[in-house]
1. Give, in nm to one decimal, the length gained when the segment between ILE512 and SER533 is fully stretched (0.36 nm per residue of separation minus the Cα-Cα distance).
2. With each pseudo-label sitting 7 Å past Cα toward Cβ, what's the ASP173-THR893 distance in nm, one decimal?
3. Identify the residues of segment 819-860 with backbone N under 13 Å of a label point that sits 7 angstrom from the Cα of GLU905 along the Cα-to-Cβ direction, or state none.
4. Accessible area of segment 188-244 with a 1.4 Å probe: how many percent of it is carbon plus sulfur?
5. Show me the ranking of peptides 644-656, 245-257 by mean Cβ neighbours inside 10 Å, starting with the highest.
6. Please list, in chain and number order, the residues 5+ apart from ALA632 or on another chain whose amide H is under 5 Å from its amide H, with Hs placed from the backbone.
7. So for ASP753, ASP612, ASP606, what's the accessible-area order with a 1.4 Å probe, most first?
8. Suppose every Lys and Arg Cβ carries +1 and every Asp and Glu Cβ carries -1, with no other charges. What dipole size does segment 107-211 come out with about its Cα centre, to the nearest 20 debye?
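The values are calculated or read from the model by the stated rules, or taken from the named source; none is laboratory data. Since the structure is predicted, the reported quantities are computational estimates derived from the model, not experimental observations. So basically every Cβ, Gly included, is an ideal-geometry build from the backbone, and we count neighbours across all protein chains shown. Surface accessibility is based on the protein's heavy atoms, side chains included, excluding ligands, DNA and RNA. Shrake-Rupley method; radii C 1.70, N 1.55, O 1.52, S 1.80 Å.
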Amino acid sequence: MQEFDASMRHGVAQARAQAATPHAIGAFMAAAFAVAALVARPYRHSAAPLASAHVAPAAPVAASPAASSATAQVGGGRAVLLASVSAAQASSPTAGLTQFGEMLAYVQYKVMQAMTLPTWGKILTVMAVALPILALGSGALCAITGEKPLAAVKRCYFILNNVPGADIAGEEDVRAAVLLNTMYIVGLLTFAVLIGVLGDDIGSAVEAARLGNTRVPERNHTVVLGHNRQLIEVLRQVAVVRADRGAAAFPGQLVVLSERDRAELEAELLEALGPAAAAAVVTRQGSPLKVADLQRVSAGHARTVILMAPDEEGGGGGEGAEAEAAEAEEGGSAHVLSAEAQQAVALAALHHLRQAALEAPGGSGLKGGAAQTVVVQQDSALDLLAHAWGTSEGAGASRLVASVSHLNNLARLQAQCAAQPGLSAVISCIMQQQPGLPEFYVQRVPEVVGLTYGETRRLFPRAVLAGFYDPRRAVVDRGAGVAGGSNAHLSAEERLDAEAAAVVLNPPDSSIILDRHSLILLADKSDDIKPLSPAAAARARAHHQQQQQQAAANSAAKASAKSAAQKAAAATIAGSRGAGAEAAVWGEWSEAAAGVPIKVVVLAFDGQSPEDLLEALADYCPAGSQAVVVAAEDSEAARGTQRSREEQAQLRTSTVAGDPRSRAGLSAAGVQGADAVILTGLDGVSSDQADAQALATLLQLQALMPHHNQLHRHFARQSGAGGGGGGGGGGSSNGGPSSGGVRPLHVVCGVADPRTREIMQSLVRVRGGGGGAGAGVGGAAAGRPLSLDIINADEMLAGVLTQVAAEPRLSGVFHELSSAEGVEVYMRTPGALGLPLGAPIAWDTIQDSGRAHNVTVIGVVRGSGVRAGAAAAPDDGPLVELGVPPGKAPALTLQPGDKLVVLAEEAR
């Protein structure tokens, strides 16, 4: 009570000091100071001992001898000493200012503490300050104007919070006007503090939502773990899959967990995907190796999980792997987990989280839903991964699907492109998800059970039936988590072979569709894979039976018509050969020239022996073809390998010791008379350097190409040397080489940057005469033209990974298409299938013609680069049209240079 009385007296003294202020305003300010003194009361209790202890050593110096004797008489004298010190402080003229400063410091300290509270705490603090001010102001207004308390409170509240309609200008009482203006100013400060507090909290919340690392409380969503250079393309193609297949393909929110800084990753997504697509992706920073980071993205509750390969595999040893190795070296430790070990640790943690989610009280929703699909992008064997995954059974459990990074074997694809120019565009359209292009669907259709394959393919007017999926054909079970047990003893290749064994592509028309079969259809969207009605199916079956009955009677007429069509097609192609090189821009290839040996120059930039590529060339090139490997001196590739006589008869190999980056090395290999040049051995360098090397090689090849009046020298020399150049020009089959009869030199390379690809295409277009006025500069158009097959491995791998994640059974389809054995993608001329040129042909007729030649036609490649009937334009690449042509009555008009895309077991 003494402390309270002293505080009140101090406040009243301060009020009296303001002699010019009216009595009511003085009372208001005095009360405010009293409240401030009471707020400082706890601080005074804690500060007094400190002050006493602080001045205790100095007290004896200031004390008088009389005081010292008095202290001695008391016997200890400490109480008397403290009392004398307090009296000295009280009589000091600066004592009031010191106490007031301490009080303000304490109040500031408490305000700073309040600012660390949550938003609701800050609002309550502002209200705790505003309510006493409102009460004091209302009391003062009542005393001045005599208003009723409720009216005074409402009036002060309106002024304090600047409520529209409140007015001070009309106040006649000066004292009331001063009081209300003071309330208004205090209200402005209070409102400013409130807005500042809320604005700061909202800004912090937005920043935390944008760049924070909080938990993602999603369920049945899609999670991408890890980061490599295919991540952006995977996210881009996920959006396309969702548009074509529906949200069920990749359900829920799309979440990415990456070790990269979140701000950098967000900026990369914004630049690559655009604002709308980037906003649909939630990112979190963390490692797939840490359980806490996996929990942050709710990986155990996800429906689909894509585990990206580490940089050393998925990115080809990119910057992330180099930084990690450098960091390990600086830290004195060179121990870094292998890619397989990293993914095994992530899978083990993911499997544990999934089981925990299923057993949790809220896991009933997960158990009742579909199984969690986990897709792993990797190159190594799956032994460790399979053991890490363990076993899981029951509804909602996880299934492990392996998606090898090199499903589409790059060496085989390069060899196919060398033998069939333009094939890379076809493979790219099949492997990738692109708007407007069809993709494979695996769908069970009960309506067709019991029908033959030939009857079934007629029931899908908007889709191409490519085969069926038979789970019993798999030689082994498909891994842990799937009924049948575990196959951890199998390697990755054996496991994929087991998946491919269940895929039957291009089967005979007599095959019966069983209840366990799922159809493999090529369609643009999911609505296109619906079959015709049962009545239409019955009509189709009756129609098919009638056709079978008439087949014997019409066999002679059909054979005659087929022979005439083949002769007409051959005549048309022969005429196009003599007309000029325009129809051969993308590499003229026909059945007549298919058996002629070709010459392929292989540029091995890394010096490693390209054994896989040479084996693939032996499979796809005609017998007697030649492969010349150019590599640096003393390298493994320059030394060559021993090959048997049979292998040499199929593909004659030779080596040239020289720098593949120099013009001398290219000239020594005889690129002027070659049919194709393949760039290989650039996997170990960065993508920018690899793209630059491809562009530089293209410029060197253009500079080395002979003038049209010198073509006969190179091809004559090649023929005389037995170099297999007859196929390279097609000129041998036409009776003599000429600028119109020699095919362009076909360059097969890998380029990642689309801008570099555009530059290379523009250079080839100018060289071929499609570049307008610039084509004739320096006589460039007069030399031998070039054509390109540019392979973007990142886009293809991302496409395979995305499609397998959406439909796991497609892993067997893509493995079958990229394997050395079985069904692959080829191109056929219309004449090879007995189809005429220049006239519309019904799609069913094209399909029937393909089935008669044991192939399945899935599309067409336009040799001129433009659609039939469209205006000609400078070529940017072969135009690929996959799937059923548009229109109610689908039909194709084939032109010279067009090739049909087919699924077949052999190249010829």
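1. Going from the current span to full extension adds 5.6 nm.
2. Using points 7 Å along Cα→Cβ, the separation is 9.7 nm.
3. Taking a point 7 Å out along Cα→Cβ of GLU905, the residues of segment 819-860 whose backbone N falls under 13 Å are 821-824, 854-856.
4. 67
5. Most protected by this proxy first, the peptides run 245-257, 644-656.
6. The list, which skips near neighbours in sequence, is GLY607, GLY658.
7. Result of the area sort, largest leading: ASP612, ASP606, ASP753.
8. For this selection, approximately 280 debye.
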